[in-house]
Amino acid sequence: MKKNKAIIGLLVFVLVLAGLGYTAVFGVGADQSGSASSIKLGLDLAGGVSITYQVVGDEKPDREDMSDTIYKLQQRVENYSTEAQVYQEGDDRINIEIPGVSDANAILEELGQPGTLYFIAQSDSEGNQNYELAGYGIDEEGNLDPQYQLLKTIEELQADGSIVLTGTDIASAQAGTQQDSMQNSQFVVQLSLTPTGTQAFADATTKALAAGESIAIYYDGDFVSVPNVQAAITDGSAVITGQHSYEEAEKLASTIRIGGLKLELQELRSNVVGAQLGSDAIRTSLIAAAVGFALVVIFMIIVYYVPGLAASFALCLYTALMIILLDAFEITLTLPGIAGIILSIGMAVDANVIIFARIREELATGKTVQSSIKIGFSKALSAILDGNITTLIAAAVLGLKGTGSIKGFAQTLALGIILSMFTALVITKFLLNALYALGVQSIKAYGVAKEKKVLQILSRKKAFFALSAVVILAGFVVMGVNQGRGVSALNYSLEFVGGTSTTVNMNEDMSIEEIDADIVPLIEDITGDGNVQTTKVAGSNQIIIKTRTLNVSEREEFADVMINNFGVDEDAITAETISATVSTEMKSDAIIAIVAAAVCMLVYIWFRFKDIRFGASAVFALIHDILVVLAFYAIVRVSVGNTFIACMLTIVGYSINATIVIFDRIRENMSEMGRKGNLEEVIDKSISQTLSRSVFTSLTTFFMVASLEVFGVSSIREFALPLMAGIICGTYSSICLASAFWYLLRTKVGNKVKTAK
């Protein structure tokens, strides 16, 4: 790169960075609203809508039906936000909390009356019409939309058998595409029917086909689709065509899904609720981000000199882009999400550390600075791509198969991975070449790798295995002891086990900060538990306090505290038992998603390294890390809530990345040393060569997490503390265990699988 070109390039970079930074903070346009202030926030940070439904009917609903209804509603409301929560209240009520929205009536109108969907034949058995074309309107895409009217009541249609299916006969409804007779792509809704529905629909479509009639889909007082029957459908799979866009197909599919609830629900109440956390939560998180960011920058410059400076500027660009894209992709951000982004800033330097270590190694062989920069980026590429693509695969699987917070986490993780690779491989490289062209060419400005003493890691594998086994066993012992003395094995929070929701009509309007300062400590004294969640109903003096399940005496003590300290009338206090917001189905989905992600990562590593034992060893290391952190949760009694899932997923992504870097160096050294090289020497040499990367990356990430622990609010600290343990554990397993697992598999299983050269 020539000097003039470098000057122009740096000026452009500075202008772009300043522009993106301004957009992120202040924004553009008349409203001057920056991306940071426009990001969709979760219920804990910005509030939203709370809707309570009651099951129609006098009989107590079946537990299985309630669980199925909650799960399907959860899938439905995730269209509004991946952080939406659905949980049971009392015996026959279901609560829905949707963050980032403020119009309860609009949500209710769009949701309609859950569980009231019918498939209606065009005419009854005597040939009388059940509905007719009433005219045309204009739909959302500007197309003519046929309008139909019902000629009979639902009760009459049920009596004469004209309702051929109800929503409960639909097993699944998904938007998709298929080719028509002209081989053009068209948007459709794909239906899968239950066994009962399959037979009923086969009879109905056979009859409708013979008569040249349609079967309308009727939901909550309106016709949502009136498709003509083009063939008798006997296999339980149907397709609805005629959708103008994928969004229209998804909307119809979503309507069919919510209309397929086993229980019919009616609205009991709806409220706009305020943020669960005060402004202090965001303020302290931003302080934590600033402190952690400053520590990372200082560390990078002290350790890596000029390359560290370049990486710091690239990190600034990374942060600005992350904020802008979170807003652009409308990713809902909760407090754990903020913590995850802060953590990703620490992890974003990982690729830079790998590159800089390679540059120093090349300088140590006597190459020029310019040549070392070029070769360093080239040699680091495979480790960076393999590590990040492996984590990206996990994020993709979690995003597709996960639900709720898992899906939100996967979106943020994938975005962070792509941005970190871009800033490291493109921006940092550009800045280094530009600085070199401007005259920063002294080897001292880049540092030279010192000859590393080969550490004897592999020979101590038995001691490492024993240490890990003791820690994991201790965790299970503690869980067993906890279970034996009548408390749960882990300190499960409201999200996992449910609890008590107490609504209090205060005599005055209190801010969330006042509630946190004056009321929450008193409630914590009663429960002996710091897991207390408070919500304020907008436009009223009403507050909602969620705690672990309170017994009768604790409820009485709660009431006494509110009466004696705040003058609340006893009639203004109502308490209800609420279910977990993380349902059994959501837990199953999470486990399936994580297992699927692990399998996909194993397959990718097998493909890239041409040896399945590399993939198996990486998965073994992941399982080890998860079990150790689980032991930490059990021993320290950290609250296990939604952040628990995010914590475990973060550790999985963090650990696999570190392991891949070491495996990549083993593969490279085996290729260079050939068959003459001693396998144990190759492993120890590879670990020693990548040790600085492992330690330094852990330190930069640790800085960010430690700042969350020091400055964050209590819910953030509950996320940061186990993450700190996970970072230490992930670093330990990558250095001390992963390669040992591979060595044992290779020597014990045999060398039948050829290792990539």
- Task: Only one of these is crowded, with 20+ Cβ neighbours inside 10 Å and within 23 Å of ASP44 (Cα to Cα): THR549, THR643. Name it.
- Result: THR643
- Selection count where residues are at pLDDT below 85 and either of a type in the set (Gly, Ala, Ser) or over 27 Å from the mean Cα position of the chain (by Cα) (or both), scope segment 1-40: 14
- Item | The lone exception for GLU672 - which of (1) within 15 Å of ILE457 (Cα to Cα); (2) without any contact (Cβ under 8 Å) to a residue 24 or more places away in the chain it fails | (1)
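Among the candidates ALA634, ALA593, ALA598, ALA621, single out the residue that is more than 23 Å from GLY480 (Cα to Cα) and at pLDDT 90 or above.
ALA621
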- Could you figure out which of (1) open to solvent by less than 40 Å² (accessible area, probe 1.4 Å); (2) under 32 Å from the mean Cα position of the chain (by Cα) isn't true of GLY447? (2)
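Give ASP529, ASP525, ASP516 a once-over and let me know the one that is closer than 23 Å to GLY42 by Cα and open to solvent by 30 Å² or more (accessible area, probe 1.4 Å).
ASP516
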- Item | Any pair with Cβ under 7 angstrom, 6 or more apart, that starts in segment 454-480 at a residue that is in contact (Cβ under 8 Å) with a residue 24 or more places away in the chain and farther than 16 Å from ILE683 by Cβ and ends at one that is of a type in the set (A, V, I, L, M) and outside any helix (DSSP H, G or I) | MET479/ALA489; MET479/LEU490
- Collect the residues in segment 205-236 that are hydroxyl-bearing (Ser, Thr, Tyr) and either at pLDDT below 90 or part of a strand (DSSP E or B) (or both), keeping them in residue-number order. SER214, TYR218, TYR219, SER225
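Residues of segment 587-606 being open to solvent by less than 70 Å² (accessible area, probe 1.4 Å) and under 30 Å from GLN74 (Cα atoms), which ones?
Matches in segment 587-606: SER588, ASP589, ALA590, ALA593, ILE594, ALA596, ALA597, ALA598, CYS600, MET601.
Results for (1) of a type in the set (S, T, N, Q); (2) at pLDDT 85 or above, shown as yes or no for each residue.
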{"residue": "GLU672", "(1), (2)": "no, no"}
{"residue": "THR701", "(1), (2)": "yes, yes"}
{"residue": "ILE716", "(1), (2)": "no, no"}
{"residue": "PRO722", "(1), (2)": "no, yes"}
{"residue": "GLY726", "(1), (2)": "no, yes"}
- Restricting the first residue to segment 251-267 and requiring it to be closer than 23 Å to LYS60 by Cβ, which pairs with a second residue that is basic (Lys, Arg) meet a Cβ separation below 6 Å and a spacing of at least six or different chains? ILE258/ARG76; LEU261/LYS72
- Message: For GLU250, only one of the following conditions fails: (1) among the acidic types (Asp, Glu); (2) exposed (fewer than 14 other Cβ atoms within 10 Å of the Cβ); (3) touching a strand residue (DSSP E or B) at 6+ places or on another chain (Cβ under 7 Å); (4) under 23 Å from GLN75 (Cβ atoms). What is its number?
- Response: (2)
- Note on the structure: For SER225, the lone unmet condition from (1) in contact (Cβ under 8 Å) with a residue 40 or more places away in the chain; (2) buried (at least 18 other Cβ atoms within 10 Å of the Cβ) is (1)
- Task: Check whether at least one residue in segment 33-53 is of a type in the set (Phe, Trp, Tyr) and within 23 Å of SER225 (Cα to Cα), and report yes or no.
- Result: no
- Item | Residue count, segment 50-71 (criterion: open to solvent by 10 Å² or more (accessible area, probe 1.4 Å), under 11 Å from GLU264 (Cα atoms) and not in a strand (DSSP E or B)) | 4
- Selection from segment 285-308 of residues that are touching a residue at least 60 places away in the same chain (Cβ under 8 Å) and either outside any helix (DSSP H, G or I) or open to solvent by 20 Å² or more (accessible area, probe 1.4 Å) (or both): ILE287, ALA289, VAL291, PHE293, LEU295, PHE299, VAL303, TYR305, VAL306
- Task: Have a look at GLN174, GLN183 and point out the one that is open to solvent by 80 Å² or more (accessible area, probe 1.4 Å), more than 16 Å from TYR218 (Cβ to Cβ) and part of a loop (DSSP other than H, G, I, E, B).
- Result: GLN183
- Query: In segment 607-632, what residues are open to solvent by 50 Å² or more (accessible area, probe 1.4 Å) and within 18 Å of ARG665 (Cβ to Cβ)?
  - Reply: ARG608, LYS610
- Please work out which residue is modelled with the highest pLDDT, limiting yourself to segment 604-618 and to residues that are assigned to a helix (DSSP H, G or I) and in contact with a Ser or Thr (Cβ under 8 Å, 6 or more places away or on another chain). SER617
- Item | Residue under evaluation ILE573, criteria (1) modelled with pLDDT under 85; (2) aliphatic (A, V, I, L, M); (3) open to solvent by less than 80 Å² (accessible area, probe 1.4 Å), criterion not met | (1)
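Of SER688, SER671, SER692, which residue is out of contact with any helix residue (DSSP H, G or I) (no Cβ under 9 Å at 6 or more places or on another chain), of a type outside the set (Phe, Trp, Tyr) and open to solvent by 20 Å² or more (accessible area, probe 1.4 Å)?
Exactly one residue qualifies, and that residue is SER671.
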- Within segment 469-486, is there a residue that is open to solvent by 60 Å² or more (accessible area, probe 1.4 Å), under 24 Å from ALA634 (Cβ atoms), part of a helix (DSSP H, G or I) and of a type in the set (Phe, Trp, Tyr)? yes
- Message: For segment 577-586: of the residues being modelled with pLDDT of 75 or more and not in a loop (DSSP other than H, G, I, E, B), which is least open to solvent (accessible area, probe 1.4 Å)?
- Response: ILE578
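The values are calculated or read from the model by the stated rules, or taken from the named source; none is laboratory data. If you're wondering where the values come from, they're calculated on a predicted model, not measured in any experiment. In this analysis, Cβ positions are derived from the backbone assuming ideal geometry, glycine residues included, and neighbour counts consider all displayed protein chains. To get the accessible areas, we keep the full protein, side chains included, count just its heavy atoms, and leave off ligands, DNA and RNA. Shrake-Rupley method; radii C 1.70, N 1.55, O 1.52, S 1.80 Å.
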